[in-house]
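S.K.: Sharing a structure below in structure tokens format, with a few things to ask.
The values are calculated or read from the model by the stated rules, or taken from the named source; none is laboratory data. Just so it is clear, the structure is predicted and the values come from calculations on it, not from any experiment. Cβ placement follows ideal geometry from the backbone for every residue including glycine, while neighbour counts extend to all protein chains displayed.
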Amino acid sequence: MLTGYLSLEYARSLAEFGEVITLAHSGIHLLKRDIDGVHHDLCGLYPYSMASDWSALALDLESLREGDAVSLVLVTDPFAAEHRDWSTLAGWDVCRKFKTHQMVDLRRDWRNERKKGHRYLIRRAFAQQCVEVACDPTEYADLLWQIYRRTVERFGLMGIQRMSAASIAAQLEVPGATLVISSDDQGITGAILCFDHDCSSNGHLAFLSDRAEKMGTSYALYHGCLDAAEQRQCRTFNFGSAAGTKDDPDDGLFRFKRRWANHQAETWLCGMILDEDRYAMLNGKTRASANGFFPGYRNR
């Protein structure tokens, strides 16, 4: 069974942002997005694309070039970074390092790798709340949506991160999903939704209540995710990357995730013009900039 980002169920949870397309050879799911009511393009899923077979992507690209999409853009999978055949990505109009993901190798002594101050903050967080794995994640759909809606409003999330209640509910039912929740005598203080892929796990979405910061809930949840993933016999856990579109050493979330990591993995932003003439018409130039926003016509 395909789980997490590889599953069709996850792709369909984002269908409000575009029609789901699955590439026949690589198994990558894409969203077909309207541009101007006439043209459309293709993009990978949030937060990155996973493939059943990255080496088969070249066969899919041949078919896409014969289709009617203007362009394709996706972010590669950090779990496969060390093993990918990078020649698969040769010839793309844009192919550059995107964001660094903060990973934990669970085969190492990750508990004792923590600094003394870090371990103290974890103990303090657990003194105020307990952490467990939800038996039925779907029972928390309404509550998690209320928490996530406040996050959207607080940080002004836009685009595909501005998910709906239906999208959140659907993701709780994705194969390979695990919901780690923290709570005290007043109720839920926070939760993290994780997706497993074979022996790796990915922290997908975090839900933090209004009182979570004061209680150090993130420390309890992050530790709880690692502990639960280890019990599921996962070898690697991915806490993800910085907010936004690039690594920012001054970003608080990036610094927090980095404190937990014992290694990193790169992702790559890859873009391809599939129809030169229509791209030029929409973008005002014939080629994509290696360092600019891709596709350029969506940055206007």
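S.K.: Within segment 104-122, is even one residue assigned to a strand (DSSP E or B), touching a residue at least 60 places away in the same chain (Cβ under 8 Å), in contact with a Ser or Thr (Cβ under 8 Å, 6 or more places away or on another chain) and not basic (Lys, Arg)?
M.R.: Going through segment 104-122, the residues assigned to a strand (DSSP E or B) turn out to be 104-105.
Among the residues that remain, those that are also touching a residue at least 60 places away in the same chain (Cβ under 8 Å) are: 104-105.
Right, trim to in contact with a Ser or Thr (Cβ under 8 Å, 6 or more places away or on another chain) and you get 104-105.
Of the ones still in play, those that are also not basic (Lys, Arg) are 104-105.
Checking segment 104-122: at least one residue is assigned to a strand (DSSP E or B), touching a residue at least 60 places away in the same chain (Cβ under 8 Å), in contact with a Ser or Thr (Cβ under 8 Å, 6 or more places away or on another chain) and not basic (Lys, Arg).
S.K.: A further question follows. Output yes when any residue across segment 178-187 is closer than 28 Å to Thr100 by Cβ and free of Cβ contacts under 8 Å to residues at least 24 places away in the same chain, and no when none is.
M.R.: no
S.K.: Which of the residues belonging to segment 255-281 are aromatic (Phe, Trp, Tyr) and either in the same structural domain as Glu113 (by TED's automatic domain parsing) or in contact (Cβ under 8 Å) with a residue 40 or more places away in the chain (or both)?
M.R.: Filtering segment 255-281 for residues aromatic (Phe, Trp, Tyr) gives 256, 260, 268, 279.
Passing the criteria: Trp260, Trp268, Tyr279.
S.K.: Which helices (runs of 4 or more DSSP H) sit wholly inside segment 188-281 and have at least 1 residues that are at pLDDT 95 or above, under 19 Å from the mean Cα position of the chain (by Cα) and crowded, with 20+ Cβ neighbours inside 10 Å? Walk me through how you get there before you give the answer.
M.R.: Working: elements: 212-215, 217-231, 252-260.
So the answer is 217-231, 252-260.
S.K.: Would you mention how many residues in segment 23-41 are within 27 Å of Phe237 (Cβ to Cβ) and modelled with pLDDT of 95 or more?
M.R.: Residues of segment 23-41 within 27 Å of Phe237 (Cβ to Cβ): 26-31.
Next, from what is left, pick out any that are modelled with pLDDT of 95 or more: 27-31.
Of the residues in segment 23-41, 5 are within 27 Å of Phe237 (Cβ to Cβ) and modelled with pLDDT of 95 or more.
S.K.: Show the residue pairs meeting these rules: Cβ distance below 6 Å; 6+ apart or different chains; first residue within segment 286-300 and surrounded by fewer than 12 Cβ atoms within 10 Å (Cβ to Cβ); second residue at pLDDT below 90.
M.R.: These pairs meet every condition: Asn299/Phe293.
S.K.: In addition: Restrict the check to segment 125-148 and report whether at least one residue is in contact with a Ser or Thr (Cβ under 9 Å, 6 or more places away or on another chain), in a strand (DSSP E or B) and surrounded by 15 or more Cβ atoms within 10 Å (Cβ to Cβ).
M.R.: So far as segment 125-148 goes, yes, one or more of its residues are in contact with a Ser or Thr (Cβ under 9 Å, 6 or more places away or on another chain), in a strand (DSSP E or B) and surrounded by 15 or more Cβ atoms within 10 Å (Cβ to Cβ).
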